[in-house]
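Working notes, beginning with the structure itself.
Bear in mind these aren't lab numbers, they're just calculated from the coordinates by the rules spelled out. Computed from a predicted structure; not experimentally measured. Virtual Cβ from ideal backbone geometry, glycine too; neighbours counted across all protein chains shown.
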Amino acid sequence: MAVVELAAGPIEYEDSGGEGRPVLVLVRGLMMDGRQWRHVVAELGDEFRCVSPTLPMGAHRRPMHADADLSLRGMGRIVTEFLAALDLRDVTLCFNDWCGAQVMVADEGMERAALLVLVSCETAGNYPPGMAGHAAWLSAKLPGGVAMTRQVLLRPRLRRLPFLFGQMTKRGIPDEPMRDWLEPLKRAEIRRDLRRYAGDAMNGKRDLEAASAALGGFDRPVLVVWDREGPMMPNAAGRDLAAAFPDSRLVELDDCYTLIPEDQPLALAAEIRAFAA
């Protein structure tokens with residue numbers, strides 16, 4: 001893990017290295033770090049420089065500043081600043097589960113992205129997404145809710161429940177990475193950061209809906225990769241998202257749910273490789 005200091009606070013990231021290689025920046029959602037993309041990185045790391053930041057959504061190990069903006073738009077600005085701080089240019093910017101790309105487009109934060117990949121992610125009308133998204137919002141609003149959620153997620157059988165990870169991954173998350181992702185939530189300041197983001201979901205919902213109007217002005221190629229089977233991110237939402245961009249292609253994959261990097265990493269890597277080439 002490397003670390004870069006941004007206005008909001010320190011952001012840790014993994015970097016496969018490789019001077020001169022095309023750059024993939026891989027972003028994920030709530031309570032996961034960059035290792036959520038580990039299987040895709042293992043497949044593409046010899047061809048691309050793969051950079052995976054851990055945003056302050058609960059799996060981060062370094063707390064943000066007390067005055068940091070951890071709203072949906074604030075998180076988008078963290079990604080924009082991260083790209084600038086590492087001087088990453090002409091990147092293929094990949095998102096899974098999380099909708100930060102849309103607000104970044106609306107806030108003109110995409111100048112360093114040459115290509116955009118959206119993998120089964122939140123959309124206007126589906127934020128917070130499904131049962132799991134609403135459960136995360138509710139846990140952030142209830143006293144002790146985040147700590148209780150952590151305890152439930154530590155139990156493999158319980159985390160397969162529909163309102164947790166059961167609708168997010170068809171195959172489940174292995175115990176080792178899940179325990180690593182949940183370890184930082186032992187600390188009050190990390191739980192505080194997660195609450196500030198997840199508990200602001202109703203404002204985020206309005207910001208995401210407003211941002212959707214700007215997608216038609218994004219003039220770079222977009223690849224939308226969607227799961228056919230998962231109930232959390234509806235198929236129609238993926239098709240509508242692809243149609244919102246002027247230069248996009250939609251791919252739908254079988255035998256997977258929202259977390260395609262977990263369920264179908266080889267198929268996803270092949271689509272990203274062909275697109276980024």
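Couple of notes before you dig in:
- Here residue 116 meets the list (1) hydrophobic (A, V, I, L, M, F, W, C); (2) in a helix (DSSP H, G or I); (3) farther than 23 Å from residue 186 by Cβ almost entirely, failing just condition (2).
- Total residues in region 243-269, condition without any contact (Cβ under 8 Å) to a residue 60 or more places away in the chain and part of a helix (DSSP H, G or I): 3
- Matching residues in region 49-85 - criterion: being among the aliphatic types (A, V, I, L, M), part of a loop (DSSP other than H, G, I, E, B) and over 28 Å from residue 178 (Cβ atoms): 66
- Within region 196-228, the residues that satisfy the criterion of being part of a loop (DSSP other than H, G, I, E, B) and surrounded by 14 or more Cβ atoms within 10 Å (Cβ to Cβ) are 199, 200, 218, 220, 221.
- A residue that is in a loop (DSSP other than H, G, I, E, B), in contact (Cβ under 8 Å) with a residue 24 or more places away in the chain and buried (at least 19 other Cβ atoms within 10 Å of the Cβ) occurs nowhere in region 18-25.
- You will find that of 148, 168, 178, the residue that is among the aliphatic types (A, V, I, L, M) and in a loop (DSSP other than H, G, I, E, B) is 168 and no other.
- Criterion violated by residue 163 - all others in (1) aromatic (Phe, Trp, Tyr); (2) within 24 Å of residue 234 (Cα to Cα); (3) surrounded by 21 or more Cβ atoms within 10 Å (Cβ to Cβ) satisfied: (3)
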